[in-house]
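Below you'll find the structure, written out as structure tokens, and then a few comments.
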Amino acid sequence: MSQSTTVREQDRAALTGSEGVMGSAVVTTAPDIRTVLDHCIESPPAPAAGVLSDQDAVWPQRLRRTLRGRLPQWGCESLVESAELLLTELVTNALQHAGGRGFLRVRVELRGSLCRIEVNDGSPQRPKPREATPSDESGRGLLLVDAISDSWGVSEDGTTTWCTLVNEGPVMEPVAEVVHETALPLVPNASAAEVARVSARTLLTITAWPGPVDVAVDVLYVLVQNAVRHGLTKESSGRRLEAWLRINERHELFIDVQDHTCDFPRFEQAVRGELGRGGLWGAQRLGAVLSWFPAEHGKTVRAILQPGPVDL
């Protein structure tokens, strides 16, 4: 889509402030703004111009994973693939051309029916699309943004590049408010999964969670066991695994297990049983909705279980 394209008239209110729509100021009443992602990245000095440091190189994938986990909670499943690609291009472009200058701020918001992605790199140098030759391995980022997004632009001071996507369906509120939360700090050893199982059964019984307790403790066992086997690092000695049981006002149970590695390769294949019909495959067969996302100093693997009886 050309940068001169105008956003649908009913969505113009979703773009306010100095950026305007495609560089033209639009002054309207701001709609409700729902924050999907808001993250600051500390960017170390780059090893060479246009080359990402090892620390910077992990951020596009981490942010993609977070976005993929959060957009569906707002009823925006149809935007996930395009939003992931746009986020990757804007973040990568900012890290390549303005990395090492301090902090980058990455925000994804829902404004009316628009999903807005913006990256502020603090640099007044305005990004410009360029024509890449067939042999170039890079240089197509903003051309992809221009082709995929419904609109895009740069703030007047040049520090923020933004783009939007139109969501076809209604925006829904995310998960209901948590009404009960319990942390389970675990020593990362062979007994952690069994300790978690016993503790969870007691806690869920005390809280009278109206769901399949046996299933919940089995799913927690699988997640903790998986974290012990695959989620530890050389620096894990002396650190604990963290597990949480959270119940929201709709009586949905969230089981979160945080380990010490930042990635989960082949997660989808494991859930589908393509790597063997083991723990994660079994957990989703019991009715758990599984996902994972980056967390501070590692990652969190999440299982969501609904209240009520389950047909085994």
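Farthest towards the positive end of the charge dipole of the range 221-260, among the residues Q225, Q258, A243, is the Cα of Q225, using unit charges on the Cβ of Lys, Arg, Asp and Glu.
Applied to the range 248-254, the Karplus parametrisation 6.51 cos²θ - 1.76 cosθ + 1.60 on θ = phi - 60° returns per-residue 3J(HN,Hα) values of 9, 5, 9, 6, 6, 9, 9 Hz, with x for Gly and Pro. Here the Karplus curve 6.51 cos²θ - 1.76 cosθ + 1.60, taken at θ = phi - 60°, turns the phi angles of the range 255-265 into couplings of 10, 10, 10, 9, 10, 10, 10, 8, 10, 9, x Hz, with x standing for Gly and Pro. Sorting 181-193, 85-97 by their mean Cβ neighbour count within 10 Å, with the most densely packed peptide first, gives 85-97, 181-193.
Taken together, the values in this text are just the output of simple stated rules run on the coordinates, not laboratory data. Owing to the predicted nature of the structure, the values given are computational and were not obtained by experimental measurement. Quick reminder, even Gly has a Cβ in these numbers, built from the backbone with ideal geometry, and neighbours come from all protein chains shown.
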